[in-house]
Amino acid sequence: MSELLLCRVETARAVARRFGLSPDRSRSQSFLVDQVVRDAIVASLPPQPSTVLEIGCGLGALTQGLLQAGRQVVGVEVDDRAVAALGLLRVRYPALRVVAADALQVGARELGLSGPFVAVGNLPYGLTGALIPHVLGFAPPPVTCLFLVQREVAARLAAPPGGWSLSTLAVRLAAVVERRLEVGPESFWPVPKVHSTLLELRPSPVGDPALRAGLLALARPIFQQRRKQLRHGLARALHVDPGAADELLRSVGIDPARRPGTLELEEWLRLAPLAGVGGGEMR
């Protein structure tokens, strides 16, 4: 059986043509074709557990690298043409199992992930904001995640206080976030108009689900007024006047004149009682 080099642009084009797959811009289909980047992702994974969940296998370049490194791969792919293309790997590597499904519609149980696993993926740019919380919410959650995402998204999720958004808070309540590798557009086919970042997320949830949900419900209307002083957003969230919100913020040691994006995780947790939930333990 001849060698299959899925990290080559020529091979990716040929496989896509064979299976009638024309990259769909609406699905953000830009396939990884850089072996150096592929190997760096594989090398960044912890040696254990050996089971890897790959979100969006595409034509299988990263999948192939994982399999060559001796990993057991459960791949989730929504595009039927890509699922068919992954058959080229399945006949070569029995350690590959492909699930034809929308990753947003399945969890660990549906995927047969009963033991420890890690998660990787070249995430579609338009679905990153939904996929990351979904995967972090798996029961059991992955040991760690390594996701290729748009550079601006990675910067926002890994931002220090001062540049936080609601999505930053949501992810940081669930995981420790670190930027690992910057990846240029030339590493993909077709070449996208944006740069990418390899983002590592290590699940480490703060408090219980009720705390996280309550805090995010409080934060949502506050971030809708992110350019205004914190007192105004909290007043809107709690349906009180700004003067009352001012007093509440001072009671927990937070300056009411600050902007929402400047708060650190510990300060958001001080606001938890205002959302009717208990405080959480810091990591």
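Coordinate-derived values only; no laboratory data. Quick caveat: nothing in here was measured; it's all calculated off a predicted structure. Every residue, glycine among them, receives a Cβ derived from its backbone with ideal geometry; neighbour counts consider all protein chains shown.
Placing a pseudo-label 7 Å from each Cα along the Cα-to-Cβ vector at residue 244 and residue 176 gives an inter-label distance of 4.1 nm. The distance from the alpha carbon centre of the stretch 1-73 to that of the stretch 178-251 is 31 Å, rounded to a whole number. Note on the chain: helix-only mean residue ellipticity at 222 nm, from DSSP H runs of 4+ residues weighted -39500 (n - 2.57) and normalised by residue number, equals -10000 deg cm²/dmol.
For residue 176, nonlocal amide neighbours, meaning residues 5 or more places apart or on other chains whose placed amide H falls under 5 Å from its own, are 202, 204. Angle of helix 242-251 to the longest C-alpha principal axis of the chain, folded into 0 to 90 degrees and rounded to 10: 80°.
Length gained on full extension, residue 91 to residue 167, computed as 0.36 nm times the residue gap minus the Cα-Cα distance: 23.3 nm. Karplus-based coupling profile of the stretch 223-229, in residue order and whole Hz: 6, 5, 10, 4, 7, 9, 5, with θ = phi - 60° in 6.51 cos²θ - 1.76 cosθ + 1.60 and x standing for Gly or Pro.
With the simple spin-label model, which puts each label point 7 Å out from Cα in the Cβ direction, the residue 80 to residue 11 separation comes to 2.7 nm.
Under a 5 Å amide H cut-off, with hydrogens placed 1.01 Å from N, residue 75 pairs with 54, 97, 98, 99 among residues at least 5 apart or on other chains.
Could you tally the net charge around residue 23, taking each other residue with its Cβ under 12 Å from the Cβ of residue 23, Lys/Arg +1 and Asp/Glu -1?
With Lys, Arg at +1 and Asp, Glu at -1, the neighbours total +3.
In order along the stretch 54-65, phi translates into HN-Hα couplings of 10, 8, x, 6, x, 8, x, 5, 5, 3, 4, x Hz, rounded to whole numbers, per the Karplus curve 6.51 cos²θ - 1.76 cosθ + 1.60 with θ = phi - 60° and x for Gly and Pro.
What does the charge count near residue 113 come to, summing +1 for each Lys or Arg and -1 for each Asp or Glu among other residues with Cβ under 14 Å from its Cβ? Let's see the in-between values first.
Values: positive: 71, 97, 109; negative: 54, 110.
Net charge around residue 113: +1.
Note on residue 39 and residue 22: the model spin-label points, each 7 Å out from Cα along the C-beta direction, lie 3.6 nm apart.
Over the chain, what is the mean sequence separation of C-alpha contacts under 8 Å (at least six apart), divided by residue count, expressed as relative contact order in percent? Rounded, it is 14 percent for the chain.
Computed from these coordinates, which is Rg/Rh (Cα atoms, Kirkwood Rh): (i) 0.94; (ii) 1.02; (iii) 1.05? This structure yields the entry labelled (iii). Phi angles of the stretch 25-35 translate, via the Karplus equation with coefficients 6.51, -1.76, 1.60 and θ = phi - 60°, into HN-Hα couplings of 4, 5, 9, 6, 7, 10, 8, 5, 9, 10, 5 Hz per residue; Gly and Pro are given as x. Close amide-amide hydrogen proximity is noted between residue 183 and 196, 197, 198, each under 5 Å apart and 5 or more residues distant or on a separate chain (H modeled in the peptide plane; Pro and chain starts excluded). Between the beta carbons of residue 195 and residue 257, assuming R0 = 45 Å, the FRET efficiency works out to 0.80 to the nearest 0.05. If the chain linking residue 217 and residue 134 were pulled fully straight, counting 0.36 nm for each residue of separation and taking away their Cα-Cα distance, it would gain 28.2 nm. Taking a ≥ b ≥ c as the square roots of the eigenvalues of the Cα gyration tensor, the stretch 90-200 is oblate, since a/c reaches 1.5 or more and a/b is not larger than b/c.
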